[in-house]
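Okay, structure first, notes after.
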Amino acid sequence: MEDLSFLSLGLLALALVATGVVAGIVAGLLGVGGGIVIVPVLYYMFTALKIDPSVLMHVAVGTSLATILATGTSSARAHWKRGSVDMDLLKTWWWAIAIGVIAGASLAGNLSSGALTAVFAVVALVVAANMLFRKEGAALAQKLPGSPFKEIIGALIGGISVMMGIGGGTLGVPALTLFNYPIREAVGTSAAIGLIIAVPGTFLSVYFGWGAAGLPPFSLGYVNLIGFLLIIPASTLSAPLGARIAHTIDPSKLKLVFALFLGITGVRMLYGVFF
């Protein structure tokens, strides 16, 4: 990693704090844990700092998961207070999501940085297209299927999300709305799912990255403590603002914002993989 001037370090710190503010608002607004903002920002920052490409995406994902521990807690709490978290669903779904997280984190630990980036980009684009082009009110069924299909859905949400370094909303929101969940309840429940993903995901990121070559300074495995400590305060404080906005705007506009974030992020990341 190249040496940085004091000014460059100051600008980097400012950018990380600003990222935390935006990530917190997005977490509260869309239930995505902020990772959809944090992962690509960290990816490009670490690229500029010439972090070893072999661990670059792993560190972006691991650090993002760590920040969701705080951001997700703040966002989920705000939605729970407003009654938009389906606790009955979480009580029967959490273990399947957790199993998916363990499997996904184990797979991610053995994938290349480029492969992880491609996973992030492709899934983001697919979900964005679903949200943009699916007809209003279109659903596969009026409720989630019974066992074992409900558990399989939960495991997929957990596994793919942990590989992307994001909260449960990126897949949880479209999955739940596909089974006729109201958008606000889907967002609130997905914010809570983000915690189920982030807790084991963070510890596994530390485990699989422990002693890896090329890690940036002040890292615990694939979790960079500088990024974590700068993003956390700003994102935690701004998450309730996003939750308040989510309960005041038109649900159709909420879907549009969600899709735009995913689409823009997916295109940028996919471009980085191939160009």
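The values are calculated or read from the model by the stated rules, or taken from the named source; none is laboratory data. This structure is a prediction, so every number in the text was calculated from the model and none was measured. We place every Cβ from the backbone using ideal geometry, glycine too, and count neighbours over all the protein chains shown.
Please go through segment 1-50 and pick out each residue that is at pLDDT 75 or above and of a type outside the set (A, V, I, L, M, F, W, C).
THR19, GLY20, GLY24, GLY35, PRO40, TYR43, TYR44, THR47, LYS50 - these are the residues of segment 1-50 that are at pLDDT 75 or above and of a type outside the set (A, V, I, L, M, F, W, C).
Restrict the check to segment 197-211 and report whether at least one residue is surrounded by fewer than 18 Cβ atoms within 10 Å (Cβ to Cβ), within 21 Å of VAL61 (Cβ to Cβ) and small (Gly, Ala, Ser).
Looking through segment 197-211, at least one residue is surrounded by fewer than 18 Cβ atoms within 10 Å (Cβ to Cβ), within 21 Å of VAL61 (Cβ to Cβ) and small (Gly, Ala, Ser).
Residues checked against (1) in contact with a helix residue (DSSP H, G or I) (Cβ under 6 Å, 6 or more places away or on another chain); (2) crowded, with 24+ Cβ neighbours inside 10 Å; (3) closer than 30 Å to SER147 by Cα:
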position: LEU42; (1), (2), (3): yes, yes, no
position: LYS50; (1), (2), (3): no, no, no
position: MET57; (1), (2), (3): yes, yes, no
position: GLY62; (1), (2), (3): yes, yes, no
position: ALA70; (1), (2), (3): yes, no, no
position: SER75; (1), (2), (3): yes, yes, yes
position: TRP80; (1), (2), (3): no, no, yes
position: MET87; (1), (2), (3): no, no, yes
position: ILE99; (1), (2), (3): yes, no, yes
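Restricting attention to segment 258-275, and to residues there that are surrounded by 16 or more Cβ atoms within 10 Å (Cβ to Cβ) and of a type outside the set (Gly, Ala, Ser), which single residue is farthest from MET57 (Cα to Cα)?
Ranking the candidates gives PHE258 first.
Taking the conditions exactly as written (touching a Gly at 6+ places or on another chain (Cβ under 7 Å), closer than 18 Å to ILE166 by Cβ and touching a residue at least 24 places away in the same chain (Cβ under 8 Å)), does ALA259 satisfy them or not?
Working: touching a Gly at 6+ places or on another chain (Cβ under 7 Å): no; closer than 18 Å to ILE166 by Cβ: yes; touching a residue at least 24 places away in the same chain (Cβ under 8 Å): yes.
So ALA259 fails the test.
Would you point out which residue out of ALA70, ALA66 is within 13 Å of the chain's Cα centre (by Cα), at pLDDT 80 or above, in a helix (DSSP H, G or I) and among the hydrophobic types (A, V, I, L, M, F, W, C)?
Of the residues listed, the single one that is within 13 Å of the chain's Cα centre (by Cα), at pLDDT 80 or above, in a helix (DSSP H, G or I) and among the hydrophobic types (A, V, I, L, M, F, W, C) is ALA66.
If you scan segment 235-250, which residues turn out to be in contact (Cβ under 8 Å) with a residue 12 or more places away in the chain and aliphatic (A, V, I, L, M)?
Matches in segment 235-250: LEU237, ALA239, LEU241, ALA243, ILE245, ALA246.
Of the residues that sit in segment 118-139 and are at pLDDT 90 or above and farther than 15 Å from ILE264 by Cβ, which one is farthest from the chain's Cα centre (by Cα)?
ALA118
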